[in-house]
Amino acid sequence: MSEALYRKYRPSKFSEVVGQDHIVKVLEAEAKSGEISHAYLFSGTRGTGKTSVARIFAAAIGTSKNDIYEIDAASNTSVEDIRNLNDSVFTLPFESKYKVYILDEVHMLSKSASNALLKTLEEPPSHVVFILATTETHKIPETVLSRCETYTFKKPSQDVLKKVVTSIAKQEGSVVDDASAELIALLGDGSFRDTLGILQKVLAYSKNKTISEEEVRLVTGAPAIDMVHDVVFSIVNKDLNLGLDAVKKSVSQNIDMSVFLKLILHTARAVLLVRFNAGNIIKDDLSEKEFEFVGSLAKGEGNLTSSDLVELLTAYEKTNGAYIPSLPLELALVNIIGDK
């Protein structure tokens with residue numbers, strides 16, 4: 001079995017970390033100065049590099065692999081699990097200055113487990129460093145947050161993910177054209193792990209070393225961009241028939257409706273932001289062709305509102321498991337356009 005690309009190309013030093021310069025620079029400076037905090041909190045959406053950076057930081061402060069402990073808090077949620085951890089921290093490191101505990105998905109700890117952890121965070125042994133990682137900071141007690149030096153990991157832009165796709169495909173002996181790399185990056189939804197997972201599927205499917213956009217669409221169930229544009233155009237210009245025709249075409253082509261709606265939401269959101277002069281927020285997440293399309297709709301006579309996006313979001317949430325996969329999108333279009 002071939003190694004997963006996200007593992008194979010996981011960064012092993014600070015210089016290899018992409019898109020998190022605001023965090024890397026501070027952690028590098030701390031490692032060099034020796035001014036190490038006893039507890040860190042790395043927050044951010046999945047696949048943004050939290051665990052990878054935690055491992056790199058542990059190595060940078062001189063901790064060997066034998067003194068790094070990775071714990072999945074989602075599987076060790078009980079107070080007894082944390083009490084066992086608390087007991088272990090007082091044991092000296094095997095061969096390093098520090099013992100580093102990396103607790104992933106720490107928001108999954110029970111209330112009693114969080115309270116038990118808090119006691120150690122308040123007065124940890126000098127040889128222990130905690131690195132807590134979470135995708136849901138709001139679920140962590142304020143008492144725990146206040147004991148940590150906090151870093152928020154950004155979702156990488158589509159441009160960053162596109163460059164990663166192109167680079168790794170090249171290292172794997174394949175060529176990915178711009179359109180294919182853009183689509184993979186978009187479907188990766190701000191996650192390095194998900195993006196590389198899609199790339200791996202495409203590389204496995206491809207019959208040669210040149211990846212085409214059509215191959216990406218076949219593997220992912222993604223629609224042609226013109227179909228996405230037709231739906232968004234139909235919403236902005238209140239053309240129900242155009243929108244429903246695009247949905248009908250997607251069904252005939254066995255398009256994954258969740259992927260279809262994700263791309264529709266991506267483009268519709270961009271139209272709304274550009275209309276309100278906030279295009280700088282999403283410019284890096286759009287190809288030049290896509291940004292031109294979005295700009296033309298935003299400046300046109302048609303209209304797209306925040307309530308329209310709410311309808312599309314609701315349709316997206318209802319698509320998985322729907323008896324008729326296309327029905328949530330069809331109903332959304334009828335609700336948005338039908339009474340206009």
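Between 0 and 90 degrees, the angle of helix 50-60 with respect to the longest Cα principal axis of the chain falls at about 30 degrees.
Rg and Dmax over the alpha-carbon atoms of region 1-126 stand at 15.2, 45 Å. With Rh defined as the Kirkwood radius, the inverse of the mean 1/r over Cα pairs, the Rg/Rh of region 225-337 is 0.95. Modelled spin labels at L327 and S307, positioned 7 Å past Cα toward Cβ, are 2.5 nm from each other. Between region 237-275 and region 101-116, how many Å separate their Cα centres? After rounding, the separation between the Cα centres reads 41 Å. A protection proxy built from the mean count of other Cβ atoms within 10 Å ranks the segments 172-182, 224-234, most packed first, as 224-234, 172-182. Take every pair of alpha-carbon atoms less than 8 Å apart whose residues are at least six positions apart; their mean separation over the length of region 225-337 yields a relative contact order of 34 percent. Taking 17 Å as the straight-line reach from the Cα of K25, the aspartates and glutamates in range (excluding those fewer than 8 positions away in the same chain) are E16, E35, E149.
Helix 178-187 sits at what angle to the longest principal axis of the chain, using alpha carbons and giving 0 to 90 degrees rounded to 10? Here the helix axis deviates by roughly 70 degrees.
For the listed residue pairs K248/K318; K13/K283; K97/K119, the alpha carbons are over 24 angstrom apart in K13/K283.
Relative contact order of the chain, taken over Cα pairs closer than 8 Å and 6 or more residues apart, is 15 percent. Simple rule: put +1 on each Lys or Arg Cβ and -1 on each Asp or Glu Cβ in the chain, find the dipole, and look at S126, Y6, A113; the Cα lying farthest toward the positive end is S126. Convex hull volume of the C-alpha atoms in region 184-239, normalised per residue: 79 Å³. Across region 129-277, the relative contact order, built from alpha-carbon pairs under 8 Å that are at least six residues apart, equals 16 percent.
Sparse packing (at most 15 other Cβ atoms within 10 Å of the Cβ) combined with a DSSP loop state is found for the following GluC sites (Glu not before Pro) in region 21-63: E35.
Computed from Cα positions, the angle between helix 257-275 and the longest principal axis of the chain comes to roughly 90 degrees.
Both radii are taken from the alpha-carbon atoms of the chain; with Rh as the Kirkwood radius, Rg/Rh is 1.04. Work through the residues other than D230 whose Cβ is under 13 Å from its Cβ and net out their charges, Lys, Arg +1 and Asp, Glu -1. So the environment of D230 carries a net charge of -1. Convex hull volume per residue, computed on the Cα atoms of region 158-220, equals 63 Å³. Each helix, a run of at least 4 DSSP H residues, gives -39500 (n - 2.57); summed and divided by the residues of the chain, these come to -16000 deg cm²/dmol at 222 nm.
Read-outs: derived from the displayed coordinates by stated rules, not from any lab. Values in this document were obtained by computation on a predicted structure and should not be read as measured data. Every residue, glycine among them, receives a Cβ derived from its backbone with ideal geometry; neighbour counts consider all protein chains shown.
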